[in-house]
Structures are given as structure tokens and as C-alpha cells.
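Asks: My questions will all concern the structure given below.
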Amino acid sequence: MLVLGIDPGYDRLGLAVVEQKNGQPELLYSDCLTTDKKAIFSARLLAVGNEIEKILKDWQPQVVATEKLYFTVNQKTAMAVAEARGVITYLGTKYGLLFAEYTPLEIKTCVTGYGSANKKQMTEMIPRLIKINKAIKYDDEYDAIGVALTHLARAPLSALSTIK
């Protein structure tokens, strides 16, 4: 199974392609897409969509797994992230992929065994679960890897929906 894990956003968007091989997860690709802060919002969404579409074409995953959106103090940011998730959902639908989403609690529990894990605990645990052959600059990339790992661990238990 090839999973595209996404930590959704419009300023920074974490991406990870992870494959289950012989019972072990293998990181094939990861990155953190950053959009131009000076660009208008619609141009930033277009950049997100173009990058996601390129990855879908290049890697051809069977599943898109994302972090569920949860509202924080800044609702303006949450709404913009929701729009970025809409782009992701649209592209998953366009390519007929399975779609799964996980709450931050589910991801933290799956990766660390502790639902209240902090960023440091997550970024320390993920390399213990999957080999990472490069330096990672932003935690959004770790988050995307965590989403993909969560899907691989929970896929048989999750209610996947085929988007067609």
C-alpha cells in the first residue's frame, strides 16, 4: 500500500509518501511545501493544488491520508486551512483515491503511544519508526510522515471511503 500523508495547510504543507514493504514502512518521499506569503490567497491555494497533483501523478498512491482539521484560537487561519483541505479533497476525488483522515489525538497516540505528546516527542519518535535519510527542516513534514504511519497502522480498522 502506497500512502500520501498530508499535514494540511496553505502557508506550509507537509507531504510524505510512505509504502508498506514486508511489514515495514518505508519513506519514499517527504517535503514541506511553502507558499509565497506575499501572494494572494487564491494563488497560494493554486500552488498547493499544483504540488499535490504533481505528487499524485508521480507517485500514484492508493490512499490520501490527512490530519482532521480542528479549530484553534485563530479561526481565520482555520478557515484558510479548511480551504486548502478542500483542494486536497478535490484532487483525491479527481484521481479516485481512497481518503482517510485522523485526528491529532489519533496520530499522536499511534506514533508515540501518548495522545498528548508534544512536537518534540513526535519528532523524536518518528525516526525510530521509519528510516529518514535527510534532514527535515519543518515539523509539518514530520506531521505528514506521522499521518501516513497512522494510516498504515490503522487502515484495517479505519472506515475508508472511496471517492468517486
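Asks: Could you check region 3-21 and list, in sequence order, the residues that are closer than 23 Å to D36 by Cα, in contact (Cβ under 8 Å) with a residue 60 or more places away in the chain and not hydrophobic (A, V, I, L, M, F, W, C)?
Replies: G5, D7, P8, G9, Y10, R12, G14, listed by residue number.
Asks: While we're here: Which residues, taken from region 110-122, are free of Cβ contacts under 8 Å to residues at least 24 places away in the same chain and either surrounded by 18 or more Cβ atoms within 10 Å (Cβ to Cβ) or in contact with a strand residue (DSSP E or B) (Cβ under 8 Å, 6 or more places away or on another chain) (or both)? Lay out the reasoning, then the answer.
Replies: Our first condition is that a residue be free of Cβ contacts under 8 Å to residues at least 24 places away in the same chain; within region 110-122, this holds for 112-121.
Answer for region 110-122, where residues must be free of Cβ contacts under 8 Å to residues at least 24 places away in the same chain and either surrounded by 18 or more Cβ atoms within 10 Å (Cβ to Cβ) or in contact with a strand residue (DSSP E or B) (Cβ under 8 Å, 6 or more places away or on another chain) (or both): T112, A117.
Asks: Do you know which residues across region 1-16 are among the aliphatic types (A, V, I, L, M) and touching a Gly at 6+ places or on another chain (Cβ under 8 Å)?
Replies: Result: I6, L15, A16.
Asks: Could I ask something else about it? Across region 85-100, what is the total count of residues that are aliphatic (A, V, I, L, M) and either loosely packed, with under 15 Cβ neighbours inside 10 Å or under 12 Å from the mean Cα position of the chain (by Cα) (or both)? Show your work before the answer.
Replies: First, the residues of region 85-100 that are aliphatic (A, V, I, L, M): 87-88, 91, 97-98, 100.
Keeping just the survivors that are either loosely packed, with under 15 Cβ neighbours inside 10 Å or under 12 Å from the mean Cα position of the chain (by Cα) (or both) gives 88, 100.
Here the count works out to 2.
Asks: Give the residue that is surrounded by the most Cβ atoms within 10 Å (Cβ to Cβ), with candidates limited to residues of region 1-58 that are acidic (D, E) and in a loop (DSSP other than H, G, I, E, B).
Replies: D11
Asks: Report, ordered by the first and then the second residue, all pairs with beta carbons closer than 9 Å, sequence separation of six or more or different chains, a first member in region 82-100 that is under 19 Å from R44 (Cα atoms) and without any contact (Cβ under 8 Å) to a residue 60 or more places away in the chain, and a second member that is among the aliphatic types (A, V, I, L, M) and in a helix (DSSP H, G or I).
Replies: G86/L45; V87/L45; V87/L46; V87/V48; V87/I52; L91/I52; L91/L56
Asks: I've got another one for you. Within region 57-77, restricting attention to residues that are modelled with pLDDT under 95 and more than 16 Å from the chain's Cα centre (by Cα), which residue is nearest to T35 (Cα to Cα)?
Replies: Step by step, filter region 57-77, then rank; the result is T77.
Asks: For region 101-141, which residues satisfy the criterion of being among the charged types (D, E, K, R) and within 13 Å of the chain's Cα centre (by Cα)?
Replies: Taking region 101-141 and keeping what is among the charged types (D, E, K, R), we get 101, 106, 108, 119-120, 124, 128, 131, 134, 137, 139-141.
Passing the criteria: E101, D139, D140, E141.
The values are calculated or read from the model by the stated rules, or taken from the named source; none is laboratory data. Note that the coordinates shown come from a computational prediction; the quantities given were computed from them, not determined experimentally. Note: ideal-geometry Cβ built from the backbone for every residue, glycine included; neighbour counts use all protein chains shown.
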